[in-house]
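The values are calculated or read from the model by the stated rules, or taken from the named source; none is laboratory data. Since this is a predicted model, take the numbers as computed values, not measurements. Please note: Cβ atoms are built from the backbone with ideal geometry, for glycine as well, and neighbour counts cover all protein chains shown.
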Amino acid sequence: MIRFSLLLLLLIGSLSCKKEPAAHSRDLTLRVGAADMPVWVRGNAAGGRIVLFLHGGPGECSYCLRPFFEGIEQNALMVYWDQRLAGSSRGNADPEAWSYAQHANDLRQLVLLLKQLYPQQSIWLFGHSFGVELGWEFLSTGDNATLVAGFVAMNGTYATLPWLKDVQRWVMREGSSRGDSEAVAYFRPLTLTAENAKQVVKWGEWYSRMFRVGANPQWPSDDPAFVRQMKFSSAHSSLSQLTNTAQQDRYYNELIFKFDRTAELTRLELPIRLFWGVNDGIVPLETGLSTQALLQGEVPLVRFSNSWHSAFHTENEKFTRELLKAIGL
Amino acid sequence: MPFVPCGLVKQILFLLLMPLCMQAQGQWLKLGYRAESLSRPGLALAIENPIRTSFKSWQSFVGFGLNYYLHRHNHQAVLFGPQLGLRYTHPSGIFGDLRLDLNLYRSFYAGTTYAATSDGVFKKIPLAGQWGFAPGIQLSGGYDFRQHYQKPYRISTGLSYYQQWPYSSSYRHGYALDLTLHYLLQP
């Protein structure tokens, strides 16, 4: 009886273990103020490059997306960081104190820490969706742009008002071509200004119509690889992940409407690459083109023609190839 | 320094430790495998005392539990505290019980924790982690070998749910599946 129980315990225990394929693996936590933010470094150090992933949301879970960066890990070090109040970050950070500046300072401290831990590596930022907003905020603050080798931005915005207008036009265009007259009728009369955007934009109503006309039919979170990764890597269940995401209310209700780095973008001088899923309705291609127009010099915009919001999921091979090329590998 | 009523602290400590101090007659030792969130390995150890020592179909009990789990590359944690439960044992030996846990929670983060003390200056924090409360409930069922085999064993499996708070200014839902072997220390 006891032997049988012990055997069963051992069997269950061995099933719970998961093999880590990465050559370099380091877990750490960065504490800034009251936030304890987990960081995972995985991959190949021989390439001399770190790709620091700025996840979206805000409130998402960086390490859950790891399956889509396997190709990067074979050639460079991937750094997965759960931002404060996101993913499996911990501590007692105050949701009421949520700010872009605080996030940018968290990122600065992480970059400075990585430079101490990996002095031989050059650090590239890769931002996705909200991570792009964070990237622009960080790069256009103080001397931060001198700390990193470059920035790859995927389907994210530099300013809220032009982005909202791009979304409005995109929904009207797609709604017309798909025969969704209700969506068109909802968006057509909206006149957005910096002053009224906070009152005009009802996120639930916007996003339900955007998704109805195909803004992003394929989510990484629907992929079994993501689900497995979240199950094994996040401190949360899917239930508590929702709870955590609700801590971003200050962002959605207030701060996003003040976000505008237009002027700062024109002054950036570091290497920048734009990656865009051209079918995306969440952050449409038009936002990418206006980003490109604002930046100095010739900034390449890599188009992913079979992708929406997350090309690392829908066109993974091309994404891996282009990202490695962008960082010089 | 926030005001902490000394009497309240004493009462909480008494509540936490009471099950350990109770009489030994009818005391059970429980050792189990704890599958935290189903996929994370752990252990569950508990002492259980019946509130009434004579065996009945319906029996209430108090106990003290110490649980551990490992979430690889994320954290490891212990949950410990008093337990209060009610069990029904069928003459066939099959039993089911409902248990309330009043656990404290302490996690230890994976890897090294670096605290930014000022811009670009970092200090390593040993044993960094988080304290919290983790009250929960467990529903379990099993078999009592005393009924037909006169052996001082029980085996059970149970599903527990708890809420850990605070967690990043909010709370976290937690759940675990236990497979437990019970041994009667003092018949």
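Being charged (D, E, K, R) and within 14 Å of chain B (Cβ to nearest Cβ) is the filter; apply it to segment A:105-138 and report the residue that is surrounded by the fewest Cβ atoms within 10 Å (Cβ to Cβ).
Within segment A:105-138, the first condition is being charged (D, E, K, R), and the residues that meet it are A:106, A:108, A:115, A:133, A:137.
Subsequent filtering for residues that are within 14 Å of chain B (Cβ to nearest Cβ) retains A:106, A:108, A:115.
Working: A:D106: 23, A:R108: 20, A:K115: 16.
Among them, the one singled out is A:K115.
Residues of segment A:56-104 being within 11 Å of chain B (Cβ to nearest Cβ) and of a type in the set (S, T, Y), which ones?
Correct list: A:Y63, A:Y80, A:S88, A:S89.
Any residue at all in segment A:207-226 that is modelled with pLDDT under 95, more than 19 Å from the chain's Cα centre (by Cα), hydrophobic (A, V, I, L, M, F, W, C) and buried (at least 18 other Cβ atoms within 10 Å of the Cβ)?
Scanning segment A:207-226 turns up no residue that is modelled with pLDDT under 95, more than 19 Å from the chain's Cα centre (by Cα), hydrophobic (A, V, I, L, M, F, W, C) and buried (at least 18 other Cβ atoms within 10 Å of the Cβ).
Could you tell me whether any residue of segment A:300-309 is closer than 28 Å to A:T146 by Cα and crowded, with 21+ Cβ neighbours inside 10 Å?
Step one: list which residues in segment A:300-309 are closer than 28 Å to A:T146 by Cα, which gives A:300-303.
If we keep only those that are crowded, with 21+ Cβ neighbours inside 10 Å too, we end up with none.
No: zero hits.
I'd like the residue in segment B:162-187 that is of a type in the set (F, W, Y) and more than 10 Å from chain A (Cβ to nearest Cβ) and, out of all such residues, is farthest from the chain's Cα centre (by Cα). Please lay out each step first, then the result.
Just the residues of segment B:162-187 that are of a type in the set (F, W, Y), to begin with: B:162, B:165, B:167, B:171, B:175, B:183.
If we keep only those that are more than 10 Å from chain A (Cβ to nearest Cβ) as well, we get B:162, B:165.
Working: B:Y162: 10, B:W165: 16 Å.
Selected residue: B:W165.
Within segment B:117-152, count every residue that is over 14 Å from A:D36 (Cβ atoms) and under 20 Å from the mean Cα position of the chain (by Cα).
10
Does segment B:131-146 include one or more residues that are touching a Pro at 6+ places or on another chain (Cβ under 8 Å) and either of a type in the set (S, T, Y) or modelled with pLDDT under 95 (or both)? Full working, then the answer.
Of the residues in segment B:131-146, the ones touching a Pro at 6+ places or on another chain (Cβ under 8 Å) are B:132, B:145-146.
Applying the additional criterion that residues be either of a type in the set (S, T, Y) or modelled with pLDDT under 95 (or both) yields B:132, B:146.
Yes; the residues of segment B:131-146 include at least one that is touching a Pro at 6+ places or on another chain (Cβ under 8 Å) and either of a type in the set (S, T, Y) or modelled with pLDDT under 95 (or both).
A:G297 fails exactly one of the following numbered conditions: (1) at pLDDT below 95; (2) of a type outside the set (D, E); (3) on the phi < 0 side of the Ramachandran plot. What is the number of that condition?
If we test A:G297 against (1) at pLDDT below 95; (2) of a type outside the set (D, E); (3) on the phi < 0 side of the Ramachandran plot, just (3) comes out false.
Scan segment A:47-71 residue by residue and report those that are modelled with pLDDT of 95 or more and among the aromatic types (F, W, Y).
A:F53, A:F68, A:F69
Can you pull out the residues in segment B:39-76 that are surrounded by fewer than 20 Cβ atoms within 10 Å (Cβ to Cβ), within 14 Å of another protein chain (Cβ to nearest Cβ), more than 16 Å from the chain's Cα centre (by Cα) and not basic (K, R)?
B:S39, B:H73
Look at segment B:84-108 and say how many of its residues are away from chain A (no Cβ under 14 Å), closer than 17 Å to B:G132 by Cα and surrounded by 21 or more Cβ atoms within 10 Å (Cβ to Cβ).
2
I'm told A:N92 meets every condition in (1) buried (at least 16 other Cβ atoms within 10 Å of the Cβ); (2) more than 18 Å from the chain's Cα centre (by Cα); (3) under 19 Å from B:F108 (Cα atoms); (4) modelled with pLDDT under 95 except one. Can you identify the failing condition by its number?
A:N92 satisfies every listed condition except (1).
Considering segment A:1-46 alone, what residues qualify as being aromatic (F, W, Y) and at pLDDT 95 or above? Break it down into steps so the answer makes sense when it comes.
Step one: list which residues in segment A:1-46 are aromatic (F, W, Y), which gives A:4, A:40.
Result: A:W40, single match.
Regarding B:Q138, is this residue within 13 Å of another protein chain (Cβ to nearest Cβ) and assigned to a strand (DSSP E or B)? Give the steps one after another, and end with the answer.
On the way: within 13 Å of another protein chain (Cβ to nearest Cβ): no; assigned to a strand (DSSP E or B): yes.
The answer is no for B:Q138.
Restricting to segment B:60-113, what's the tally of residues that are without any contact (Cβ under 8 Å) to a residue 60 or more places away in the chain, more than 23 Å from A:W81 (Cα to Cα) and among the polar types (S, T, N, Q)?
Residues meeting the conditions: 4.
If I filter segment A:283-309 down to residues being of a type in the set (S, T, Y) and out of contact with any Gly (no Cβ under 7 Å at 6 or more places or on another chain), which single residue comes out as farthest from A:S129 (Cα to Cα)? Don't jump to the end; show me each part of the working.
Going residue by residue through segment A:283-309, those that are of a type in the set (S, T, Y) are A:287, A:290-291, A:305, A:307.
Then drop every residue that is not out of contact with any Gly (no Cβ under 7 Å at 6 or more places or on another chain), which leaves A:287, A:290-291, A:305.
Details: A:T287: 12, A:S290: 15, A:T291: 13, A:S305: 17 Å.
Per the stated criteria, the residue is A:S305.
Here is a check on your reading of the model: is B:A128 within 8 Å of another protein chain (Cβ to nearest Cβ) and in contact with a strand residue (DSSP E or B) (Cβ under 6 Å, 6 or more places away or on another chain)?
Numbers: within 8 Å of another protein chain (Cβ to nearest Cβ): yes; in contact with a strand residue (DSSP E or B) (Cβ under 6 Å, 6 or more places away or on another chain): yes.
Yes; evaluated as a whole, the condition is true for this residue.
Are there any helices (runs of 4 or more DSSP H) wholly within segment A:89-192 with 2 or more residues that are touching a strand residue (DSSP E or B) at 6+ places or on another chain (Cβ under 8 Å), closer than 22 Å to A:C64 by Cβ and not aromatic (F, W, Y), and if so which?
Numbers: elements: A:100-117, A:130-139, A:160-178, A:181-187.
In segment A:89-192, A:100-117, A:130-139 are the helices (runs of 4 or more DSSP H) which contain 2 or more residues that are touching a strand residue (DSSP E or B) at 6+ places or on another chain (Cβ under 8 Å), closer than 22 Å to A:C64 by Cβ and not aromatic (F, W, Y).
Do we have A:S62 as without any contact (Cβ under 8 Å) to a residue 40 or more places away in the chain, of a type in the set (S, T, N, Q) and either touching a Phe, Trp or Tyr at 6+ places or on another chain (Cβ under 7 Å) or under 25 Å from A:K258 (Cβ atoms) (or both) here?
Working: without any contact (Cβ under 8 Å) to a residue 40 or more places away in the chain: yes; of a type in the set (S, T, N, Q): yes; either touching a Phe, Trp or Tyr at 6+ places or on another chain (Cβ under 7 Å) or under 25 Å from A:K258 (Cβ atoms) (or both): yes.
Taking the combined requirement at face value, the residue satisfies it.
Go through segment A:55-88 and give me each residue that's part of a helix (DSSP H, G or I) and farther than 13 Å from A:Q229 by Cα.
First, pick out the residues of segment A:55-88 that are part of a helix (DSSP H, G or I): A:63-73.
Of everything in segment A:55-88, those that are part of a helix (DSSP H, G or I) and farther than 13 Å from A:Q229 by Cα turn out to be A:G71, A:I72, A:E73.
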